Amino acid sequence: MKHYSIVTIFPDVIRAYLGASIMKRAIANELIHVNVHDLRDYTTDKHRSVDDYPYGGGAGMVMKPEPFFRITAQQWPEREKRRVILLSPKGRVFTQRVAEELVGDDRELVFFCGRYEAIDERVHACLADDEISVGDFVLTGGELPSLVIIDAVARLIPGVLGDSRSAEEDSFACGLLDYPHYTRPEDLNGRTVPDVLLSGNHREIDRWRKKQALQVTAARRPDLLAVYQPSPDEEKILKEIKEEDS
Ligand code: 4G1
């Protein structure tokens, strides 16, 4: 079973997400196990403080190092058995490839969530085995990034998604954006579903979807297409696309 731990000063935020939908079912079915730790339980002063003023001055507060060191020594004393992942804007950027790497790791994944301006540098230097960022923007904390990562990793575990095909069939898993999807009604006030999808011709449908995926990726994410390795069939479709827009 996959074992995750999250260290945060807002355990309720984490529990709210894990207590619903697919995560809730995965936990109930014992496919994943998640421990949520309140960092304040590892303070020793009467105010349970987790932050302090920055040396050198400046705006904002910094998360104190000792509660992180204390929880690590108590909960995960053996370095080889843990992988502490510090959520940080300085981390390597999270992608599907990183999710695949994490799902294959046998160690317990421990997520440290920051708040305030930053976490004391000694936590980065001495405790983090990995630093990951979910993107280039400013947030108020690492809680949402930790949930993003747990969500993306958990759905790769067999049985977490109802049907086992959908995880790998996802267009992103193969490096492209998705083709358009439709459901009923067939005619929505004159906006109709493409004929090919009603044709019952599955070879045609597969080809149409592949072309749509290549087209939307070329238009919106040329960076993804640049590293994509097309099959001979896909090469043909790409040529077709280029001729059509020239
Ligand atoms: C400087 C974004 C600061 C933010 C530059 C993605 C962002 C954790 C992430 C910040 C955080 C930039 C993330 C910023 C994050 C301490 C507590 C750091 C919140 C904190 C681009 C605030 N992926 N941000 N600083 O957002 O933790 O994982």
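Laboratory data are not the source of any read-out in this text; all were calculated from the coordinates shown. Everything numeric in this text was worked out from a predicted model, so none of it was measured. FYI the Cβ positions are ideal-geometry reconstructions off the backbone, even for glycines, and counts take in every protein chain you see.
Miscellaneous remarks
- Calculated [θ] (222 nm, deg cm²/dmol) that DSSP helices of n ≥ 4 give over the chain, each run adding -39,500 (n - 2.57): -11000 deg cm²/dmol
- 14 Å beta-carbon shell around residue 61, net charge (K/R +1, D/E -1): -2
- Between 41, 187, 130, the GNM of the chain built on Cα springs shorter than 10 angstrom shows 187 fluctuating the most.
- Gap separating the Cα centres of region 133-161 and region 93-115, nearest whole Å: 8 Å
- In the chain, the longest principal axis of the Cα atoms and the axis of helix 66-75 are about 80 degrees apart.
- Relative to the longest principal axis of the Cα atoms of the chain, the long axis of helix 202-220 makes an angle of roughly 60 degrees.
- Percent of C-alpha pairs per 10 Å bin, region 97-166, short to long: 16, 46, 29, 8, 1
- Just checking the listed ones, 118, 59, 173: in the Gaussian network model of the chain with Cα springs under 10 Å, the one fluctuating most is 59.
- The protection proxy used here, the mean number of other Cβ atoms lying within 10 Å of each residue, ranks peptides 79-85, 100-106 as follows, highest first: 79-85, 100-106.
- Think of each Lys and Arg Cβ as +1 and each Asp and Glu Cβ as -1; about the Cα centre, that makes the dipole of the chain roughly 380 debye.
- For the chain, the relative contact order comes to 18 percent (Cα pairs under 8 Å, sequence separation of at least 6).
- Cα long-axis angle, helix 143-154 against the chain (0 to 90 degrees, to the nearest 10): 50 degrees
- Cα-based reach from residue 2 at 29 Å (exclusive), listing lysines while leaving out same-chain residues under 8 positions away: 24, 81, 90
- Amide proton proximity set for residue 5, modelled H, under 5 Å, gap of 5+: 35, 109, 110, 111
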